[in-house]
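Each remark here refers to the structure printed beneath this line.
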Amino acid sequence: MEHTRYRGRFAPSPTGPLHFGSLVTAVATWLEARAAGGDWLVRIEDLDPLREPPEASHQILHSLDAHGLHPDEPVRFQSQRQAAYQKAIINLLESGKAYRCSCSRKQLQAHGGRHPAKCRERDSLSDQAPQAIRFALTDEHSHWQDLLLGPQQQTVRAELDDPVLQRKEGFYAYQLAVAVDDIDQGISHVVRGSDLLDMTAQQQQIFRALGSSPPQWLHIPVILNEQGQKLSKQNHAPALDDTKPAMNLVHALAALGQQPPSELAWASVADVLSWARAHWRRAAIPLTSRQARGITPSTQSHLDH
Ligand code: GLU
């Protein structure tokens, strides 16, 4: 499918409330969509109930709302999309682009990533052990263009890198669901953190296997904590304070290299967002990751009082 209209999305996994790093991503996705006069969607990637506190989706949506980031269409929840993922799996299995695999992580490690049971080559439908479904990658030196980072090269290794599409426990995996939904929602542009950069060439193969041309990608640098780790729920990033949305947005804009004046932190959320739309410069986004602590608006004054 060729895309005629810009459609972007913010697609958080609800492993906890929105934190500063995810706000930066949300703001970048929103501004790119607004700059292109396109649509901005929110998709909750709630695929793994074991890692997702039940209240997190609601907290994320509440935070986005408090920060004035309102999606143009109803929010999609991946937990309600099981039938579509199942259909895609069947289609990929039937066309030989996916296969059943009962290897454990340990077994794969012991064989340098090769499947001792030769899963790719045989039909293991009758095996008793629980099975995952994996995508059968093709060996490829992939070259593609990131809208911020420029030309990218990635090597995709068949068998060794084959991603899981459905886990042994039955949960659908991120790599499948993200492609199925980006295709179904007509997403033309994906803006996301550069921690997902390495997945992109594999995802392009999954898009093609599902009969669609991949979207364009723009990877923004991730925000780091003081230990130099990605701000994330796993690393206990604090939840955003929803009572200070303008200040949070100003800091997020500074993280995106936009140099908002510090006074903007005292303006309304609507004013901050309208400043951001009027001044948005993709080229100003820094290329490398930065620590949240070192990010300040352009004239540091009374911001942190
Ligand atoms: N759900 C993913 C995450 O929160 C992002 C998916 C994507 O943007 O491709 O890390």
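The values are calculated or read from the model by the stated rules, or taken from the named source; none is laboratory data. Remember, it's a predicted structure, so these values are computed and weren't measured experimentally. Note that we place each Cβ from the backbone using ideal geometry, even for glycine, and neighbour counts take in every protein chain shown. In case anyone asks, the SASA skips ligands and DNA or RNA and just uses the protein heavy atoms, side chains included. Shrake-Rupley method; radii C 1.70, N 1.55, O 1.52, S 1.80 Å.
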Item to check | Longest exposed-site-free window of the chain, the sites being GluC sites (Glu not before Pro) in a DSSP loop that have at most 15 other C-beta atoms within 10 Å | outcome: 56-168
Checklist entry - So how strong a dipole does the chain carry about its Cα centre when Lys and Arg Cβ are +1 and Asp and Glu Cβ are -1, to the nearest 20 debye? => result 580
Checklist entry - Each residue of segment 56-65 in turn: what ³J(HN,Hα) in whole Hz from Karplus with 6.51, -1.76, 1.60 and θ = phi - 60°, glycine and Pro shown as x? => result 5, 4, 4, 4, 4, 5, 5, 5, 4, 4
Checklist entry - Of K168/K244; K87/K244; K106/K230; K168/K230, which pairs sit farther than 32 Å apart, going by alpha carbon to alpha carbon? => result K168/K244; K87/K244
Next on the checklist: With an 8 Å Cα cut-off and a minimum separation of 6 or more residues, compute the relative contact order for segment 220-299 in percent.
Outcome noted: 43
Checklist entry - Residues in segment 167-207 near a label at E73, defined as backbone nitrogen under 17 Å from the 7 Å Cα→Cβ point? => result 177-191
Checklist entry - In the chain, which Cys residues have no partner Cys with a Cβ closer than 4.7 Å? => result C103
Checklist entry - Relative contact order, percent, of the chain when contacts are C-alpha pairs under 8 Å separated by at least 6 residues? => result 21
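Please list, by residue number, every one of the chymotrypsin sites (Phe, Trp or Tyr not before Pro) in segment 113-216 that is coil in DSSP and has at most 12 other beta-carbon atoms within 10 Å.
Loop-located and lightly packed - none at all.
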Checklist entry - Once both labels are modelled 7 Å past Cα along the beta-carbon direction, what's the R281-E94 spacing in nm? => result 5.3
Next on the checklist: Give the residue list of trypsin sites (Lys or Arg not before Pro) in segment 86-193 that are DSSP loop and have at most 16 other beta-carbon atoms within 10 angstrom.
Outcome noted: R114, K118, R122, R157, R167, K168
Checklist entry - In square angstrom, what is the accessible area per residue of segment 169-233 with a 1.4 angstrom probe? => result 32
Item to check | Positive-end extreme of charge dipole, segment 27-76 - chosen from H67, A36, L47 (charges on Cβ) | outcome: A36
Next on the checklist: Could you work out what % of the accessible surface of the chain is carbon and sulfur, using a 1.4 angstrom probe and leaving DNA, RNA and ligands out of the count?
Outcome noted: 50
Item to check | 3J(HN,Hα) from dihedral phi, segment 275-290, Karplus parametrisation 6.51/-1.76/1.60, rounded to Hz, x for glycine, proline | outcome: 4, 4, 5, 5, 10, 4, 10, 4, 5, 7, 5, x, 8, 10, 5, 9
Checklist entry - What fraction of the DSSP beta bridges in the chain is antiparallel, stated in percent and rounded to the nearest 5? => result 55
Checklist entry - If you roll a 1.4 Å probe over the heavy atoms of the protein chains, what accessible area per residue do you get for segment 69-131, in Å²? => result 65
Checklist entry - Hey, with R₀ at 30 Å, roughly what FRET efficiency would A110 and Q154 work out to, going by the Cβ-Cβ distance, to 0.05? => result 0.70
Next on the checklist: Ignoring everything except DSSP H segments at least 4 long, calculate the 222 nm mean residue ellipticity for the chain; use -39,500 (n - 2.57) per segment, divide by total residues, nearest 500.
Outcome noted: -9000 deg cm²/dmol
Next on the checklist: Quick one: 3J(HN,Hα) in Hz for segment 6-22, Karplus 6.51/-1.76/1.60 with θ = phi - 60°, rounded, Gly and Pro as x.
Outcome noted: 5, 9, x, 8, 10, 10, x, 8, x, 7, x, x, 5, 10, 4, x, 6
Checklist entry - Hey, what's segment 240-292 come to in accessible area per residue, 1.4 Å probe, Å²? => result 48
Checklist entry - About the Cα centre of segment 167-265, what is the dipole size in debye to 20, counting +1 per Lys and Arg Cβ and -1 per Asp and Glu Cβ, all else neutral? => result 260
